[in-house]
Amino acid sequence: MDKTLIISFTLGILVLLLVFRVISASRQPVLLRSVAVVVLGDVGRSPRMMYHAESFATNGFNTYIIGNKGTTPIPSLLSLPRVRFCYLPDPPRTIKGTPFLIAAPRKVVLQVFYILEALLVRVPNPPEFIIVQNPPSIPTLALVWLVGRFRGSKVIIDWHNLGYSILALKLGSGHPLVRVAECFEGFFGRSAYAHLFVTRAMRDQLDSKWSLRGKKIVLHDRPPAHFHRASESEMHDLFLRILSSTSSPSVPAFSNLSSPSLEGWLPSYDPPQTTPFTRILPHLSLTSSESQPSTAQRDDRPALVVSSTSWTPDEDFGILLDGLSKYDKIAKGNNGKLPKVLMIVTGKGPDRARWLRKVDALQGNDADEKDRWTHVRLLSMWLEAADYPLLLGSADLGISLHSSSSGIDLPMKVVDMFGCGLPVCALNFACLDELVKDGVNGLVFNNADQLAAQLESLLTNFPSSPTLSSLRASLQQDKHADAARQGRGDGGQDGEWEWCTWSQNWDRVMKPILLSDLSVDRE
């Protein structure tokens, strides 16, 4: 028998023994004001679940976070005394050449064992709530359903997207495994104490499709309170840190790409007095002990455009590269009315290397002269949690390429950008208008031609671009208007465009759910 099958069979027996061993000891009273937050993946790359955990903890819940260790979680979460991380071991790497039909079940069996051990052993008392991120659906939905029933915990499913629709991107919608995944997701996802949805479209579609049981609530993504438009001094400090991130004197420190050099492409700079984007005003010195240095953005800076991504198939970077190529051609003949564009793409993911090779070909010396970028540079970088909002708050424009495998979720990257006062150009799909209002807080495009035209419109006469300034001003007005609504206690009706911080939205939507069925004094 294949060694992999033997290992999988043995682990399956161990899982069953663990379940039967713990079930007898798990019928303890539920511990009020406690929650297990389940993330099958890197906790530090699951912002919505980290925000959930932070909100539970700051509202007095003992909070157990179950997920994989990887990226450092947000600093505010690490400092909370009520938060405990129960990290899952990473499954052993699949032997190269192992068929998917063998490797996938083996991985699932390991995940079942790790998650059950965390929920049944490392969480000492049955938690009052278990909130689980979906997707992934297999095996987490079945496991929290089982544990919830045996331990008396109330299960909350936070629907980010659909697991089977993501699997269909890889295998095709008609594949038997996709149909099995859809049935699995529907069966174990149907019943819960509460269902949270990132869009109204998702709530309506899943309720109609699967006749969901339990409370059904839309909780739109919102940024945490520390996301904001960066000040000039914050911008200057950020760019100095980025510039000093390697020992190289040239600006490829912005990226881990080997080419091209940005030396001579960006305006000259002399740190710490200047960066390519900011400068210390001449009447003050960085060494002054009597006052903070006064900084300003440079008028000759390139436009800083950002896109955040997980480099997956549901984001078509071909549209971005074609749009940037078209903009580059327009800028070459525009007599200086259009700025150079430094495009920074943040994030990690499976398709990153493939797309960056295409970028190298477009902006390297090997490209045909007529196609070679002269007004555009694209760099990829990974930022720590503390610097990511600062980059968004320092940028001039954001671009979202999220197209949604299901068509009913929304890109959280746009939420982050709005929280930092950053207007966006967003690729259109079915329910995008729940977040991006075309011509109000951003622009919506369908293809590369439209994206290039929007870049031209927004960046003409940069940095004094009236269209861009108008979009940015609308985000500030939305924030102030919602703050006023929060003060009056009318956080916005279901169909309204509302804007606020994550904590304001969570308190308005989640607190009634958590407290509604409580029959004892929790204070």
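The values are calculated or read from the model by the stated rules, or taken from the named source; none is laboratory data. For clarity, every value in this text was computed on a predicted model and none was experimentally measured. Every residue, glycine among them, receives a Cβ derived from its backbone with ideal geometry; neighbour counts consider all protein chains shown. The area values use the complete protein model at the heavy-atom level, side chains included, leaving out ligands, DNA and RNA. Shrake-Rupley method; radii C 1.70, N 1.55, O 1.52, S 1.80 Å.
Report whether or not Asn428 is free of Cβ contacts under 8 Å to residues at least 24 places away in the same chain, touching a strand residue (DSSP E or B) at 6+ places or on another chain (Cβ under 7 Å) and open to solvent by 50 Å² or more (accessible area, probe 1.4 Å). Steps first, answer last, please.
Values: free of Cβ contacts under 8 Å to residues at least 24 places away in the same chain: yes; touching a strand residue (DSSP E or B) at 6+ places or on another chain (Cβ under 7 Å): yes; open to solvent by 50 Å² or more (accessible area, probe 1.4 Å): yes.
Considered against the rule, which asks whether it is free of Cβ contacts under 8 Å to residues at least 24 places away in the same chain, touching a strand residue (DSSP E or B) at 6+ places or on another chain (Cβ under 7 Å) and open to solvent by 50 Å² or more (accessible area, probe 1.4 Å), Asn428 comes out as yes.
Considering each residue of the stretch 328-345, count those that are open to solvent by less than 10 Å² (accessible area, probe 1.4 Å) and either touching a Ser or Thr at 6+ places or on another chain (Cβ under 6 Å) or closer than 30 Å to Glu384 by Cβ (or both), and give that number.
Final tally of qualifying residues: 5.
Please indicate, with yes or no, whether at least one residue in the stretch 368-382 is aromatic (Phe, Trp, Tyr), open to solvent by 40 Å² or more (accessible area, probe 1.4 Å) and more than 24 Å from Val444 (Cα to Cα).
As a first pass, look at the stretch 368-382 and keep what is aromatic (Phe, Trp, Tyr): 373, 382.
This time we only want the ones that are open to solvent by 40 Å² or more (accessible area, probe 1.4 Å), so: 382.
If we keep only those that are more than 24 Å from Val444 (Cα to Cα) too, we end up with 382.
Yes.
Any residue at all in the stretch 458-480 that's open to solvent by 60 Å² or more (accessible area, probe 1.4 Å), at pLDDT 55 or above and not polar (S, T, N, Q)?
yes
What tally of residues in the stretch 431-455 results from selecting those that are closer than 16 Å to Ile330 by Cα, in contact (Cβ under 8 Å) with a residue 60 or more places away in the chain and either open to solvent by less than 60 Å² (accessible area, probe 1.4 Å) or among the aromatic types (Phe, Trp, Tyr) (or both)?
4
Counting only residues that are part of a loop (DSSP other than H, G, I, E, B) and without any contact (Cβ under 8 Å) to a residue 40 or more places away in the chain, which one in the stretch 206-226 is surrounded by the most Cβ atoms within 10 Å (Cβ to Cβ)?
Leu212
Name, by its number, the condition in (1) modelled with pLDDT under 90; (2) open to solvent by less than 20 Å² (accessible area, probe 1.4 Å) that does not hold for Gln111.
So the condition that Gln111 fails would be (2).
Are any residues in the stretch 149-200 touching a strand residue (DSSP E or B) at 6+ places or on another chain (Cβ under 8 Å), part of a helix (DSSP H, G or I), open to solvent by 10 Å² or more (accessible area, probe 1.4 Å) and not charged (D, E, K, R), and if so, which ones?
Of everything in the stretch 149-200, just one residue is touching a strand residue (DSSP E or B) at 6+ places or on another chain (Cβ under 8 Å), part of a helix (DSSP H, G or I), open to solvent by 10 Å² or more (accessible area, probe 1.4 Å) and not charged (D, E, K, R), namely Gly163.
For Ile138, state whether it is closer than 16 Å to Gly41 by Cα and either acidic (Asp, Glu) or not in a helix (DSSP H, G or I) (or both).
Values: closer than 16 Å to Gly41 by Cα: yes; either acidic (Asp, Glu) or not in a helix (DSSP H, G or I) (or both): yes.
Yes.
Would it be correct to say that Ala225 is out of contact with any strand residue (DSSP E or B) (no Cβ under 7 Å at 6 or more places or on another chain), within 27 Å of Pro47 (Cβ to Cβ) and modelled with pLDDT of 60 or more? I'd like the intermediate steps shown before the answer.
Values: out of contact with any strand residue (DSSP E or B) (no Cβ under 7 Å at 6 or more places or on another chain): yes; within 27 Å of Pro47 (Cβ to Cβ): yes; modelled with pLDDT of 60 or more: yes.
So Ala225 fits the description; yes.
Taking the options Arg203, Arg229, Arg241, name whichever one is assigned to a helix (DSSP H, G or I), open to solvent by 30 Å² or more (accessible area, probe 1.4 Å) and under 19 Å from Met412 (Cα atoms). Steps first, please.
On the way: Arg229 fails: assigned to a helix (DSSP H, G or I); Arg241 fails: under 19 Å from Met412 (Cα atoms).
On inspection, the qualifying residue turns out to be Arg203.
Taking only the stretch 256-273 into account, find how many residues are open to solvent by less than 30 Å² (accessible area, probe 1.4 Å) and modelled with pLDDT of 75 or more.
Going through the stretch 256-273 one residue at a time, the tally reaches 4.
When you go through (1) surrounded by fewer than 16 Cβ atoms within 10 Å (Cβ to Cβ); (2) modelled with pLDDT of 90 or more one by one for Arg21, which number turns out not to apply?
Of everything listed in (1) surrounded by fewer than 16 Cβ atoms within 10 Å (Cβ to Cβ); (2) modelled with pLDDT of 90 or more, Arg21 misses just condition (2).
Within the stretch 401-421, is even one residue assigned to a helix (DSSP H, G or I), out of contact with any strand residue (DSSP E or B) (no Cβ under 9 Å at 6 or more places or on another chain) and under 18 Å from Leu443 (Cα atoms)?
Quick first cut of the stretch 401-421, residues assigned to a helix (DSSP H, G or I) only: 412-419.
Next cut, out of contact with any strand residue (DSSP E or B) (no Cβ under 9 Å at 6 or more places or on another chain) only: 415, 419.
So of that shortlist, the ones also under 18 Å from Leu443 (Cα atoms) come out as 415, 419.
Checked against the condition, which is being assigned to a helix (DSSP H, G or I), out of contact with any strand residue (DSSP E or B) (no Cβ under 9 Å at 6 or more places or on another chain) and under 18 Å from Leu443 (Cα atoms), the stretch 401-421 yields at least one hit.
Of the residues that sit in the stretch 357-367 and are open to solvent by 70 Å² or more (accessible area, probe 1.4 Å) and at pLDDT 85 or above, which one is farthest from Thr460 (Cα to Cα)?
Taking the stretch 357-367 as the starting set, the residues that turn out to be open to solvent by 70 Å² or more (accessible area, probe 1.4 Å) are 357-358, 365-366.
Those left that are additionally at pLDDT 85 or above: 357-358.
Numbers: Arg357: 30, Lys358: 27 Å.
Restricting to residues being open to solvent by 70 Å² or more (accessible area, probe 1.4 Å) and at pLDDT 85 or above, the top hit is Arg357.
If a residue has to be part of a loop (DSSP other than H, G, I, E, B), at pLDDT below 90 and not aromatic (Phe, Trp, Tyr) to count, how many in the stretch 307-339 make the cut? Even if it seems obvious, please write down each step before you answer.
Filtering the stretch 307-339 for residues part of a loop (DSSP other than H, G, I, E, B) gives 309-314, 316, 333-339.
Those still in the list that are at pLDDT below 90 too: 309-314, 316, 333-337.
Okay, now just the ones that are also not aromatic (Phe, Trp, Tyr), so 309-310, 312-314, 316, 333-337.
The qualifying residues number 11.
Taking the condition of being open to solvent by 20 Å² or more (accessible area, probe 1.4 Å) and at pLDDT 85 or above, how many residues in the stretch 481-502 meet it?
Final tally of qualifying residues: 1.
What pairs come up if the first residue lies in the stretch 461-476 and is farther than 14 Å from Cys425 by Cα, the second is open to solvent by 30 Å² or more (accessible area, probe 1.4 Å), and their beta carbons are under 6 Å apart, counting only those six or more places apart or on different chains?
Ser474/Val440
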